[in-house]
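Read the figures in this text as sums done on the coordinates, not as results from a lab. Note that the structure is predicted; figures quoted are calculated from it, not measured. Here the Cβ is made from the backbone with ideal geometry for all residues, glycine too, and neighbour counts use every protein chain on show.
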2 protein chains.
Amino acid sequence: MSGVRLGLCGLGTVGSSLVNVLQRNAAVIAARAGCEVSLTHVASRRTNPACDLGGLPVNHDILAVPRDPNVNLVIELVGGTDIALELVREALANGKHVVTANKALIAEYGNELFAEAEAAGVSIAYEAAVGGGIPIIKTLREGLSGNRIQRLAGIINGTTNFVLSAMWEQRREFAEVLREAQQLGYAEADPSFDIEGVDAAHKLSIMAAIAFGMPLQIDGVYTEGICTIAPQDLAYASELGYRVKHLAVAQRSNGAVEMRVTPALIPQDCLLASVNGVKNAVLVEADAVGTSLYYGDGAGGEPTASAVLADVVDLARALGRAQRPVSGGLGYTFINRNLPMLPVEDMQAAYYLRMSAADQPGVMSAIASIFSAAGISIEALLQKPPEVGQTQVPVTILTDTVREADLRAAVTSLEALPSIAGSITRIRVESLDG
Amino acid sequence: MSGVRLGLCGLGTVGSSLVNVLQRNAAVIAARAGCEVSLTHVASRRTNPACDLGGLPVNHDILAVPRDPNVNLVIELVGGTDIALELVREALANGKHVVTANKALIAEYGNELFAEAEAAGVSIAYEAAVGGGIPIIKTLREGLSGNRIQRLAGIINGTTNFVLSAMWEQRREFAEVLREAQQLGYAEADPSFDIEGVDAAHKLSIMAAIAFGMPLQIDGVYTEGICTIAPQDLAYASELGYRVKHLAVAQRSNGAVEMRVTPALIPQDCLLASVNGVKNAVLVEADAVGTSLYYGDGAGGEPTASAVLADVVDLARALGRAQRPVSGGLGYTFINRNLPMLPVEDMQAAYYLRMSAADQPGVMSAIASIFSAAGISIEALLQKPPEVGQTQVPVTILTDTVREADLRAAVTSLEALPSIAGSITRIRVESLDG
């Protein structure tokens with residue numbers, strides 16, 4: 001059975017963009033696939049008038065698609081992990097290849113789904129799950145396959161990058177920019193999934209599994225959101241030579257793996273510091289290739305459709321020859337089945353700390369004593385003059401590299417000082433090549 | 001015949017790095033390939049003591065490798081287009097897959113070699129031919145396969161980027177920096193292949209063929225070298241908000257294709273402007289994905305070995321299942337077999353012009369008249385005061401978009417003015433997203 005007959009589930013932003021790109025670029029796609037790629041069955045709970053299906057009816061029964069004997073490749077763009085999981089399982093059980101853009105589904109159920117696909121002799125591909133249109137999954141799985149990858153550092157959530165970029169460029173407060181992002185459609189009505197780093201954690205766990213040759217481990221990702229970041233943090237960071245980004249990092253660390261999504265200061269002359277607005281980028285450090293970086297639109301209908309189509313064409317190149325596709329899955333037999341996750345307390349980093357200190361003698365000495373007793377070196381210190389009528393001054397400190405647990409203890413001691421008002425803002429400092 | 005038994009031809013910088021990475025990362029590579037990848041036969045005209053072959057002898061007869069029945073994948077790292085061409089043809093004729101890092105070979109003979117490979121039922125892969133370790137061939141051939149690509153703009157020659165970066169950062173002259181690059185091994189004893197843009201033209205023609213679905217057309221690339229660029233050009237460009245890079249551009253242009261390698265002013269806030277030293281980057285503009293960028297080490301032993309191994313693992317993933325590999329070649333049936341190349345006279349761009357003008361009344365008016373008569377708008381003009389004892393002043397002009405032929409005519413008229421001394425330096429201005 002040669003050629004590809006697509007069954008599309010979901011006609012939201014990505015689904016309707018996919019239909020449009022598939023029509024607009026039909027000749028290019030057929031030439032690259034080496035065979036006909038046709039839309040055979042479309043299902044969606046709602047019809048989408050923005051979408052010209054050329055007379056094809058929209059089936060409201062999504063599970064009819066994986067059961068349709070005329071379909072040999074199912075595209076899952078329903079989202080979520082309820083009906084999406086059910087339909088992907090049904091597709092695999094019926095011997096159909098699957099392409100999905102669903103990061104939550106892959107991060108949470110990927111280990112089982114890849115095993116089910118392998119047993120059924122079909123592929124499950126998910127380029128669109130990470131980095132929108134940037135082909136980062138293919139790059140990690142295939143483009144850098146001769147390397148041992150040491151570290152991934154990515155700006156992989158467009159919402160938080162839009163918010164931090166606008167806060168810095170326009171000197172505005174978090175809450176105000178978030179409201180604007182919601183009005184522009186860059187943030188959901190309930191933005192916590194993006195703002196708290198859950199979305200980025202899903203994507204990071206997928207990239208880390210491929211990079212390190214281990215099973216997916218969504219529970220291993222430590223996350224911090226961006227809601228404690230104030231405009232003055234972005235300004236002080238700039239004075240110190242940094243930009244603040246919501247950064248997802250996975251790295252090998254003394255036989256363990258460290259995965260975290262946190263705000264981070266990154267050197268302003270490194271390329272990641274110039275990734276603004278809703279753009280995404282992933283920096284990869286690997287032993288043979290060195291440092292490389294992949295940049296582009298991390299979300300949106302057509303960029304995501306581009307990634308879905310890359311998977312479709314990959315599968316079609318094999319299906320057109322009646323071969324079983326090689327691509328998809330994690331792209332390896334496990335190299336590291338039981339890599340331990342580094343607990344957050346043991347992670348090490350330099351830190352930026354901002355506190356409000358009483359403008360009186362002895363305060364700096366008290367602060368310095370706490371760092372000294374904790375064995376933490378101070379790399380830089382900014383103290384600003386008090387504003388008119390204020391008795392508190394902002395003090396900003398960059399520490400040397402410190403173990404997270406030691407830093408937390410020092411922050412607790414600092415917050416207990418009578419001369420320190422309120423809580424201390426702390427942001428990791430990430431040193432990066434390239 | 002499952003598993004991959006490599007025949008390696010060439011033990012220079014890339015060949016010996018390949019042997020080292022293959023040993024160091026043997027477990028990772030086998031896990032990703034899904035089968036054993038072993039070095040079976042090595043040939044080189046010279047032995048390389050930096051290379052531990054684990055007792056494997058070095059055959060000085062390179063053509064014995066493609067004839068060895070124990071080898072099923074030949075890696076060509078000999079370079080040049082004499083023996084390399086012969087050995088690749090021999091490998092294809094003997095039904096062996098080929099991986100090469102040879103951009104000249106692919107750019108000049110790719111059309112024939114891909115046809116020979118297709119006829120023989122084998123693959124020829126060449127990720128390492130462009131962009132060193134950056135997986136840009138895979139990205140264009142597979143990662144963006146659902147897109148119509150409009151434009152590629154790349155910094156794809158490390159030598160010229162090193163020279164221009166050092167000229168700018170250290171305010172030094174071209175000839176002096178070139179000598180240093182030669183001492184550091186970043187430039188050849190005869191640097192003209194890099195400096196004049198021939199190397200970049202080879203790489204650009206390969207990327208353009210894949211991007212636009214057309215045969216390789218190395219003769220269609222217009223090239224200008226960087227030897228006329230002076231340190232003051234980099235300084236004036238900076239005042240105007242630009243950096244000067246040796247830029248390779250391929251774009252669709254009114255039903256034709258425009259391919260050129262020239263110095264270019266690019267906006268200093270775009271990511272390509274921050275690509276310095278021997279780093280490479282390629283920016284891609286495509287209809288669905290928008291603007292994306294790929295950055296990394298564009299040369300060197302291990303980055304190039306990384307790209308060679310990516311091809312080896314891709315082929316191994318299929319060979320391990322006794323399937324014919326899908327990847328390699330140009331990755332399409334021709335979409336555009338007869339796309340015309342745009343002659344350089346018809347290319348359009350804004351231009352930076354620097355001239356030495358007499359410091360006397362009427363000169364600016366004479367200059368302005370020539371632009372006006374040619375229908376060329378002036379977008380910006382910098383006139384510096386004369387240095388002590390000088391009667392000439394440097395005048396720098398940014399024009400609006402103009403047809404190349406019209407610009408050349410205007411420059412000829414300007415150079416004929418008695419008040420203009422010497423020749424006029426002209427550099428394209430490239431407008432870029434991202």
>> Using only Cα atoms and rounding to the nearest 10 degrees, what angle (0 to 90) does helix B:174-183 make with the longest principal axis of chain B?
In response: 20
>> Cut-off is 10 Å between beta-carbons; in what order do A:LEU265, B:LEU407, A:LEU22 appear when sorted fewest neighbours first?
In response: A:LEU22, B:LEU407, A:LEU265
>> Just to be sure I follow the rule: in chain A, considering lysines 8 or more places apart or on different chains, how many pairs have Cα atoms under 27 Å apart?
In response: 13
> In percent, what relative contact order does chain B have, based on Cα pairs under 8 Å that are 6 or more apart in sequence?
Replying inline: 17
> Once phi is turned into θ = phi - 60°, what whole-Hz ³J(HN,Hα) does the Karplus curve with 6.51, -1.76 and 1.60 give for every residue of region B:202-209, x standing for Gly and Pro?
Replying inline: 4, 5, 4, 5, 5, 4, 5, 4
> Copy-to-copy spacing for A:ALA409, label 7 Å out on the Cα-to-C-beta vector, in nm, shortest first?
Replying inline: 8.0
>> I need the phi-derived Karplus couplings for region A:151-162: 6.51 cos²θ - 1.76 cosθ + 1.60, θ = phi - 60°, integer Hz, Gly and Pro marked x.
In response: 7, 10, 9, x, 9, 10, 10, x, 5, 5, 6, 4
> Nearest 20 debye, what's the magnitude of the dipole of the protein assembly as shown about its Cα centre given +1 on Lys and Arg Cβ and -1 on Asp and Glu Cβ?
Replying inline: 1240
>> Quick one: 3J(HN,Hα) in Hz for region A:54-63, Karplus 6.51/-1.76/1.60 with θ = phi - 60°, rounded, Gly and Pro as x.
In response: x, x, 5, x, 9, 7, 8, 9, 4, 6
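In debye, nearest 20, what is the charge dipole magnitude of region A:291-434 about its Cα centre with +1 on Lys and Arg Cβ and -1 on Asp and Glu Cβ, if you could check?
Roughly 440 debye for region A:291-434.
To the nearest 20 Debye, how big is the dipole of region A:209-336 about its Cα centre, given +1 on the beta carbon of each Lys and Arg and -1 on that of each Asp and Glu? Let's see the in-between values first.
Details: 8 positive and 12 negative charges, 83 e Å.
The calculated dipole for region A:209-336 is roughly 400 debye.
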> What are the label-to-label distances in nm, one decimal and shortest first, from B:GLU379 to the same spot in the other copies, with labels 7 Å along Cα to Cβ?
Replying inline: 4.0
> Taking Cα centroids, how far is region B:7-24 from region B:50-80 in Å?
Replying inline: 10
>> For peptide A:201-209, what's the mean number of Cβ atoms from other chains within 10 Å of each residue's Cβ?
In response: 0
> Given H placed 1.01 Å from N in the peptide plane, which residues other than close sequence neighbours of B:MET341 have an amide H under 5 Å from its amide H?
Replying inline: B:VAL257
> In peptide B:136-144, how many Cβ atoms from other protein chains are near each Cβ within 10 Å, on average?
Replying inline: 6
> What residue among A:ASN280, A:HIS97, B:THR291 has its Cα farthest toward the positive end of the dipole of the protein assembly as shown, where the charges are +1 on Lys, Arg and -1 on Asp, Glu, each on the Cβ?
Replying inline: A:HIS97
>> Going by amide H atoms built from the backbone, whose H comes under 5 Å of the H on B:ILE75, apart from near neighbours?
In response: B:GLY7, B:LEU8, B:CYS9, B:VAL99
> Mind checking the angle between helix B:103-120 and chain B's longest principal axis? C-alpha axes, 0 to 90 degrees, to the nearest 10.
Replying inline: 40
> Cα centroids of region A:382-424 and region B:280-357: how far apart, whole angstrom?
Replying inline: 50
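Using Cβ counts within 10 Å as a stand-in for footprinting exposure, how do B:LEU152, A:LEU204, A:LEU56 rank, fewest first? Before the final figure, lay out each step's value.
Numbers: B:LEU152 24, A:LEU204 31, A:LEU56 15.
Ranking B:LEU152, A:LEU204, A:LEU56 by Cβ neighbours within 10 Å, fewest first, gives A:LEU56, B:LEU152, A:LEU204.
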> Expressed as a whole number of Å, what is the distance separating the alpha-carbon centroids of region B:153-187 and region A:191-250?
Replying inline: 37
> If you rank A:SER38, B:SER123, A:SER431 by fewest surrounding Cβ atoms within 10 Å, what's the result?
Replying inline: A:SER431, A:SER38, B:SER123
> In nm, one decimal, shortest first: how far is the label point of A:CYS227 (7 Å from Cα along Cα to beta carbon) from the matching points in the other copies?
Replying inline: 6.4
>> Give me, ordered by chain and number, the residues 5 or more places off A:ALA299 or on other chains with an amide H under 5 Å from its own placed amide H.
In response: A:GLY133
> Is there a simple number for the mean count of other chain Cβ atoms within 10 Å of the Cβ of residues in A:17-24, and what is it?
Replying inline: 2
> Going by alpha carbons, how many degrees (0 to 90, nearest 10) lie between the helix axis of A:301-319 and the longest principal axis of chain A?
Replying inline: 50
> If you take the charge dipole of region A:13-97 about its Cα centre, with +1 on Lys and Arg Cβ and -1 on Asp and Glu Cβ, which of A:PRO57, A:THR40, A:VAL14 is farthest toward its positive end?
Replying inline: A:VAL14
